[in-house]
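Worksheet for the structure shown next.
No lab work stands behind these numbers, since they all come straight from the coordinates. Please read these numbers as outputs of a predicted model, since none were measured by experiment. We place every Cβ from the backbone using ideal geometry, glycine too, and count neighbours over all the protein chains shown.
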Amino acid sequence: MKGNQGEMLAWLREVFAGMRERRLPGETEWLREEERDGEVRRYRVWASPHLPAEVRRFPGARQVVWVEREVVHKGSGEVKRGERYGVTSLGPEEADAEVLGRWFLGRWEIENGSFWVRDVLFREDGCQVRGRGAEV
């Protein structure tokens, strides 16, 4: 869920507001920690089939997902935190927090690898071509 969906984002935050203290039936959580590239990365994924009325109007919505990310740079101790929210058409019987979390993380790895190729090999970030003909 992107920032341009402000109202939807507020509803999703509402769903997960109390999940740290108490989970409702059907809600799941998954934790993962990994070390690589001089960083410690921690992920916490929450999934809930309990949708506010506003989210139920979203076509096909069956679950909402919240992914928290914390990255600690081992050398400097710098900490970066982030979170993402999503809506999925998969129900809890098809995908719990672990399955959804693995999909989220896999997508980020693919996307990050793709951007590296485009940025480093094709120098896409430095390209000044705009408008017609840019696709050539």
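Residue by residue, here is whether (1) under 24 Å from E94 (Cβ atoms); (2) basic (K, R); (3) assigned to a strand (DSSP E or B) holds:
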| site | (1), (2), (3) |
| --- | --- |
| M8 | yes, no, no |
| L12 | yes, no, no |
| G18 | no, no, no |
| R23 | yes, yes, no |
| G26 | yes, no, no |
| E29 | yes, no, yes |
| E33 | no, no, yes |
| R44 | yes, yes, yes |
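For region 70-87, give me each residue that is buried (at least 18 other Cβ atoms within 10 Å of the Cβ) and in contact with a Gly (Cβ under 9 Å, 6 or more places away or on another chain).
V87
Identify the residue in region 89-98 that is closer than 30 Å to R36 by Cβ and without any contact (Cβ under 8 Å) to a residue 40 or more places away in the chain and, among all such residues, is surrounded by the fewest Cβ atoms within 10 Å (Cβ to Cβ). Quick ask: steps written out before the conclusion?
Taking region 89-98 as the starting set, the residues that turn out to be closer than 30 Å to R36 by Cβ are 90, 94-98.
Within this subset, residues satisfying the condition of being without any contact (Cβ under 8 Å) to a residue 40 or more places away in the chain are 90, 94.
Working: L90: 17, E94: 12.
Taking the candidates together, the pick is E94.
Only residues that are surrounded by fewer than 15 Cβ atoms within 10 Å (Cβ to Cβ), at negative phi and in contact with a Lys or Arg (Cβ under 6 Å, 6 or more places away or on another chain): list them for region 29-69, please. Passing the criteria: L31, E33, E34.
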